[in-house]
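Worksheet for the structure shown next.
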Amino acid sequence: MNSADIVMQSYGRCCASNGFLDTFYLYFLTSSAEVRAKFADTDMTAQKQLLRHGILNLVMHARGMPDTKLRALGCSHARGGLDIHPELYNLWLDALLKAITEHDQLCDGNTRLAWREVLNKGINVIKSLY
């Protein structure tokens, strides 16, 4: 099974697990004062839906989908938009991997490696537009 398939199956298990996105945001928001400040006035219910779609777009890009949506996300998160500094994506990925480890009962080192490989392809597209 390739990395994108491993990630899709893991993501399905995570989404079926109660509180997955809440766990992610708990880890992410406690990772840095800058991250907390970026989310100070955010509608978290809407944000969780955006996150679900964003993760799916990252995975679909790794499976061969054009990077159009990721480039749009990169533009909205760039200096002239939300001004998300590139190093914050490392905190995002670390928080996501911690949440995945908790919510995917089949998660192991190979699964985490697959997630990192798959997501970094798209994250690099987003970072490149900063």
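The values are calculated or read from the model by the stated rules, or taken from the named source; none is laboratory data. Just so it is clear, the structure is predicted and the values come from calculations on it, not from any experiment. Here the Cβ is made from the backbone with ideal geometry for all residues, glycine too, and neighbour counts use every protein chain on show.
The rows are residues; the columns are (1) of a type in the set (A, V, I, L, M, F, W, C); (2) closer than 21 Å to residue 125 by Cβ; (3) modelled with pLDDT of 95 or more.
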position	(1), (2), (3)
14	yes, no, yes
27	no, no, yes
33	yes, no, yes
37	yes, no, yes
65	yes, yes, no
73	yes, yes, no
remark   = Just one listed residue, out of 56, 96, 21, is more than 23 Å from residue 2 (Cβ to Cβ) and either surrounded by 14 or more Cβ atoms within 10 Å (Cβ to Cβ) or polar (S, T, N, Q) (or both), and it is 21
remark   = Scanning region 70-100 residue by residue, the ones that are under 14 Å from the mean Cα position of the chain (by Cα) and without any contact (Cβ under 8 Å) to a residue 24 or more places away in the chain total 3
request  = Quick one: count up the residues across region 91-130 that are in a loop (DSSP other than H, G, I, E, B) and either more than 16 Å from residue 55 (Cβ to Cβ) or β-branched (Val, Ile, Thr) (or both).
outcome  = 5
note = The one condition residue 65 fails out of (1) within 29 Å of residue 2 (Cα to Cα); (2) part of a helix (DSSP H, G or I); (3) of a type in the set (A, V, I, L, M); (4) free of Cβ contacts under 8 Å to residues at least 24 places away in the same chain is (2)
query = Within region 26-46, is even one residue farther than 20 Å from residue 130 by Cβ, in a helix (DSSP H, G or I) and of a type in the set (Ser, Thr, Tyr)?
reply = yes
